[in-house]
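Single-structure report; data block below.
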Amino acid sequence: MAVTREPLAELAARSSTPSSVIEAEPDGTLRIVAANDAAGELAGAGSGAALEGRTIAEVSPRSVVPLREALARATRTTVPGVVLEGGRVFDIELIPLSPTRIGISMHETTREERARHALELTTRELQDLYDRAPIGYHSLDRHGVFRRINDTELRWLGYTRDEIVGVRRFVDLLTPESREAFEGTFDRFVERGETSYLQFDMVRKDGSILPVQLHATAVYDDTGAFVASRSTVLDVTERRRAEEREREVWTQIEHHIELGTEELRAANEGLRAEIGAREQAQAALAQTEVQLRQALKMEAVGRLAGGVAHDFNNMLSVILIFTELALGEMAVDDSRRGDLEQVRGAAVRATELTRQLLAFSRQQVLDARPILVDDVIAGLERLLQRLIGEQVGLSTRLGARGVRILADVGQIEQVIVNLAVNARDAMPRGGRLRIETSVVDLDEEYAASHHGVRAGTYVVIAVSDTGVGMSKETLDRAFEPFFTTKEPGKGTGLGLSTVYGIVAQSGGHVWAYSEVGLGTTIKVYLPVVEHDASAADARSGLAHARGGSETILLVEDDPLVRAAARRILARSGYLVVEASAPSEALSLASGLGRVDALLTDVVMPELTGPELADRLRVSRPDLPVVYMSGYLDVDVVGPRVLEERARFVQKPLTNEALLRAVRDAIDRG
């Protein structure tokens with residue numbers, strides 16, 4: 001079939017830059033159908049006819065890749081700057097003729113043309129960057145009329161370029177207030193040639209306000225005359241909104257301050273009283289913050305101390321129980337008996353240490369009952385005088401007659417003794433120790449300014465000395481465990497920390513004041529309770545430490561403590577079923593016909609002791625329970641441990657205490 005071909009002259013006429021012209025098949029081979037003589041000369045063939053039937057790859061290998069890439073676009077396109085054989089540079093234009101023909105026009109470019117093209121490309125790129133920048137740009141002539149403006153600023157303002165350039169002055173687009181500010185800075189701008197960042201309010205085409213920040217640079221001619229300005233423009237709408245919100249907040253704060261000031265002025269009748277009240281409130285706040293930090297520190301140290309006491313009590317339980325068992329099986333004249341007595345004595349002294357740690361951490365069980373503080377102090381006077389020695393004079397003034405607190409009498413005695421001993425040690429050359437009691441009402445205002453204090457009626461025990469006193473730094477740490485200013489071997493640092501823990505666990509708080517060289521006063525506040533005869537100790541009258549033949553379910557996760565407890569109970573005749581975890585205990589109990597008592601640790605990984613007791617009492621509602629622990633989180637399980645149908649035995653365990661608790665729980669049913 002004959003192929004109709006467009007004459008090469010006509011193809012050259014259709015090319016935008018005609019030179020060498022080729023007609024080829026638009027497939028992968030780019031086979032040449034026709035070519036003019038200029039193309040033949042370029043390829044070194046002499047004439048266009050000599051190229052017919054050959055492929056572009058044969059004629060010009062360097063042009064194949066850019067031509068194929070251009071053909072893939074399937075539209076008329078120009079490929080600029082193609083370097084062909086011999087280093088000559090051409091712009092190649094592809095002209096689609098038909099589905100089976102493609103025209104190729106090649107125009108050799110000069111260095112000047114390439115430079116012009118590069119400049120045009122760079123200009124287009126710069127113009128695109130100028131127009132698409134995220135900030136506004138504009139230039140003004142000497143009269144302030146827009147000479148140029150980018151698309152970004154036009155979009156912000158809502159105008160077209162024809163409505164702005166050569167038509168409007170920058171000042172015409174400002175609000176009256178901003179116009180006045182701009183005109184006031186214009187002369188200085190012309191002199192300096194550059195402005196700092198200034199903020200103006202521009203008016204959009206729709207009448208809305210566009211807050212902007214502008215930085216302008218002046219342009220001068222060779223004579224130094226001002227010609228034009230160039231400016232960058234930032235849209236500060238969000239910044240303005242943030243500033244307005246900040247101003248609103250400060251306005252509200254100032255308003256509230258003014259209202260508060262007026263109320264204080266009216267209440268205190270004058271500026272002096274108002275300032276005094278503010279200073280007092282501020283001081284109560286330097287003080288509540290300090291108290292809070294101290295309380296948080298003491299809480300953290302207390303939890304650490306309680307955890308240490310827990311592990312230590314387990315070890316002491318094993319030492320004491322097996323030592324007592326070994327002593328019980330030894331002859332009186334056994335040569336090893338003295339060594340074991342020494343071990344037992346050391347363990348007992350260590351027990352006192354753990355009890356002090358538990359007192360500080362508020363994790364001991366208190367034998368609380370209504371007591372008369374004045375009677376407790378009166379009963380201690382003779383002992384206190386012997387403790388403080390003849391060089392220290394003791395005086396008491398008891399003003400809480402007939403007023404009761406709910407506390408462990410032994411613990412309150414320990415508080416008073418510890419404070420008295422500390423006071424004695426602060427007066428190595430003698431002095432005066434004064435113990436006073438009184439009843440005070442602490443109101444809501446006092447409670448608000450003292451962290452952890454509740455409003456109410458309190459008995460106050462004040463212990464004052466005339467000793468060396470404490471610095472502020474020492475006073476801040478005085479209640480921390482193991483902190484002491486005494487020489488090594490003369491103090492454990494647990495006296496005041498024990499006081500702190502006992503008082504806090506009894507619902508009270510401690511306040512201390514001291515000055516170097518003048519002495520120290522420590523006040524203990526304990527909440528007052530109404531006397532209730534029914535509240536007397538329901539757990540008094542412990543049974544004798546005797547054994548029995550009942551079945552005891554023993555639950556303890558520490559294997560050494562479990563083995564020691566089992567040994568005590570089995571040796572006393574009890575049938576012991578032991579479990580290492582609550583889940584094992586529940587499984588064992590389901591297969592037992594009879595369980596006469598549950599002996600369980602309080603803190604265990606799966607369930608607490610009280611939670612285990614609840615599970616077992618579903619099927620055994622009258623099951624007696626004995627709890628044992630060396631660490632008691634009273635906020636979590638304390639009240640449950642002290643329930644009426646349960647007994648508690650404090651770790652470290654001893655034969656006597658454990659047997660008494662188990663026997664008493666079973667007998668009371």
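The values are calculated or read from the model by the stated rules, or taken from the named source; none is laboratory data. Not measured: the values here are computed from a predicted model. FYI the Cβ positions are ideal-geometry reconstructions off the backbone, even for glycines, and counts take in every protein chain you see. These accessible areas exclude ligands, DNA and RNA; they are computed on the full protein's heavy atoms, side chains included. Shrake-Rupley method; radii C 1.70, N 1.55, O 1.52, S 1.80 Å.
Quick notes on this one:
- Estimated distance in nm for a label pair at Glu341 and Arg241, the labels positioned 7 Å out from Cα along Cα-to-Cβ: 8.7
- Each DSSP beta bridge with both residues in the range 369-445 is either parallel or antiparallel, and the antiparallel ones are about 35%.
- The listed residues Tyr513, Tyr627 rank as Tyr513, Tyr627 when sorted by accessible area, largest first, using a 1.4 Å probe.
- For Thr77 and Arg192, a Förster radius of 41 Å and the Cβ-Cβ distance give a FRET efficiency of 0.20, rounded to the nearest 0.05.
- Around Val459: net Lys/Arg minus Asp/Glu count, Cβ-Cβ under 9 Å: 0
- Amide hydrogen proximity for Ala228: with H placed 1.01 Å from N in the peptide plane, the residues at 5 or more positions away or on another chain lying under 5 Å are Val219.
- Among 46-55, 382-391, sorting by the average number of other beta carbon atoms lying within 10 angstrom of each residue, highest first, gives 46-55, 382-391.
- Spatial separation of Cα centroids for the range 591-622 and the range 442-459, in angstrom: 40
- Solvent-accessible ranking of Leu380, Leu475, largest area first, probe 1.4 Å: Leu475, Leu380
- The phi-based Karplus calculation (6.51 cos²θ - 1.76 cosθ + 1.60; θ = phi - 60°) puts the 3J(HN,Hα) values of the range 550-560 at 6, 8, 10, 8, 9, 10, 7, 7, 8, x, 5 Hz, whole numbers, x for Gly and Pro.
- Each peptide in 601-614, 217-230 receives the mean, over its residues, of other Cβ atoms within 10 Å, and ordering these scores from highest gives 601-614, 217-230.
- Derived from the Cα gyration tensor, the three semi-axes of the equivalent ellipsoid of the range 377-482 are 25, 20, 13 Å, largest first.
- Among Met427, Met470, the sequence by solvent-accessible area, most first, with a 1.4 Å probe is Met470, Met427.
- Per-residue SASA entry for Trp511, accessible area with 1.4 Å probe, Å² rounded to 10: 90
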